[in-house]
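What follows is a short report on a single structure.
The values are calculated or read from the model by the stated rules, or taken from the named source; none is laboratory data. Just so we're clear, the structure is a prediction, and the values are computed from it rather than from any experiment. Glycine also receives a Cβ, built like all others from the backbone with ideal geometry; neighbour counts cover every protein chain displayed. Accessible surface is based on the protein model in full, side chains and every heavy atom, while ligands, DNA and RNA are left aside. Shrake-Rupley method; radii C 1.70, N 1.55, O 1.52, S 1.80 Å.
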Amino acid sequence: MTPENRINGGKDTVISLWSGRTTGLPGFEECSATVTAEGAKEQQLAKGVVLCVRTGAGNIARLELTELGSNGLGSDYRNTFDAVIGDAG
C-alpha cells in the first residue's frame, strides 16, 4: 500500500481493476482474462473496488476491498479485503 491509496503488486505480480462485466463477482476465468488483458503493477484503491491479481507463481486471486483504512494521509495503510485465491497448479 502507498500513501496515495494505491496497491503495488511487487515482484512479478500483476493487478487489474474488475470492471463488472458480469452481474456478480468475477470467477477464476474472468479474473485470469482481465489480468492478462489489463493487468498493471499498481492500481488505485477505492471503497468497494474489486481487484484481480496474478502472482509471480501464476496463482489468480480476487480481492474485494471491504474497508478502506486510510484516507491517504499519515501512516495507517490498513485495508480489509475479502479474498478468493485459485491455485495455478
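Which residues, counting only those in the range 26-46, are touching a residue at least 40 places away in the same chain (Cβ under 8 Å) and open to solvent by 80 Å² or more (accessible area, probe 1.4 Å)?
Phe28, the sole residue that qualifies.
Every residue in the range 1-15 that is more than 20 Å from Thr80 (Cβ to Cβ) and surrounded by 12 or more Cβ atoms within 10 Å (Cβ to Cβ), please. Reasoning before the result, please.
At the first step, the residues of the range 1-15 found to be more than 20 Å from Thr80 (Cβ to Cβ) are 11-12, 14.
Within the range 1-15, Val14 is the sole residue that qualifies.
In the range 1-23, is there at least one residue being at pLDDT below 85 and of a type in the set (A, V, I, L, M, F, W, C)?
yes
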